[in-house]
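Chemist: Quick one: this structure, given as structure tokens, is what I'll be asking you about.
Read-outs: derived from the displayed coordinates by stated rules, not from any lab. Remember, it's a predicted structure, so these values are computed and weren't measured experimentally. Note that each Cβ is placed from the backbone with ideal geometry, even for glycine, and that neighbours are counted across all protein chains shown.
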């Protein structure tokens, strides 16, 4: 269990974001998932302590940290910005959240098959809208957007029946037909899916 002091970080996004350096906080409003959305998505993705959730394009790990606070599942974030992984894992370590972790790398090189739930907050978008980019530290291009999207679709189709998927700010056309939309919230921005075949 986490202490009451640690619980206090979850009273608001502003308080939670105070855990991070200023340059990270400045990205929060646009690029990090709000806590109220995380709470709903995480409880869907991790209904029990056997749940293993992967966050694709995890940034500094806000979803993984809060998800491990709100549920009994484990949360792994894959992120290709090394500085974000370093910052996020430092916070995870300081809080003692052993069910959350960030891994440095590109999700194309990452095997999703061991996970029961997937969270995706349209992390490929910066490849087609440069003004939405978090920084200039990684390569971006429309070609990469297509490559990443096709790879994600292939991985989603290969996941076992029963896999849970939560998408935030994502076009419906980017989800394979084998996933059933269970429900949506937050003005249809958060969509919760289950793989049926």
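Chemist: Only one of the listed values, (i) 22, 20, 19; (ii) 24, 21, 15; (iii) 34, 16, 15, was derived from the coordinates as semi-axes √(5λ) of the Cα gyration tensor in Å; which label is it?
Modeler: Label of the calculated value: (ii).
Chemist: Provide 187, 109, 13 in ascending order of the number of other Cβ atoms located within 10 Å of each residue's Cβ, fewest first. Let's see the in-between values first.
Modeler: Values: 187 6, 109 9, 13 20.
Listed from fewest to most nearby Cβ atoms, that is 187, 109, 13.
Chemist: Just subtract the alpha-carbon distance of residue 72 and residue 196 from 0.36 nm times their residue separation and send over the number in nm, one decimal.
Modeler: Numbers: separation 124, 0.36 × 124 = 44.64 nm, distance 2.42 nm.
Result: 42.2 nm gained on full extension.
Chemist: Calculate, in nm to one decimal, what residue 149 and residue 26 gain on full extension: separation in residues at 0.36 nm each, minus their alpha carbon distance. Working shown, then result.
Modeler: Working: separation 123, 0.36 × 123 = 44.28 nm, distance 2.72 nm.
Once the chain is fully extended between residue 149 and residue 26, it gains 41.6 nm.
Chemist: So how do 11, 53, 87 line up by other beta-carbon neighbours within 10 Å, fewest first?
Modeler: 11, 87, 53
Chemist: Could you please state, rounded to a whole Å, how far the C-alpha centre of region 1-74 is from the C-alpha centre of region 105-121?
Modeler: 17
Chemist: Would you calculate the separation in nanometres between label points at residue 36 and residue 178, each defined as 7 Å from the Cα along the Cα-to-beta-carbon direction?
Modeler: So the two model labels end up 3.6 nm from each other.
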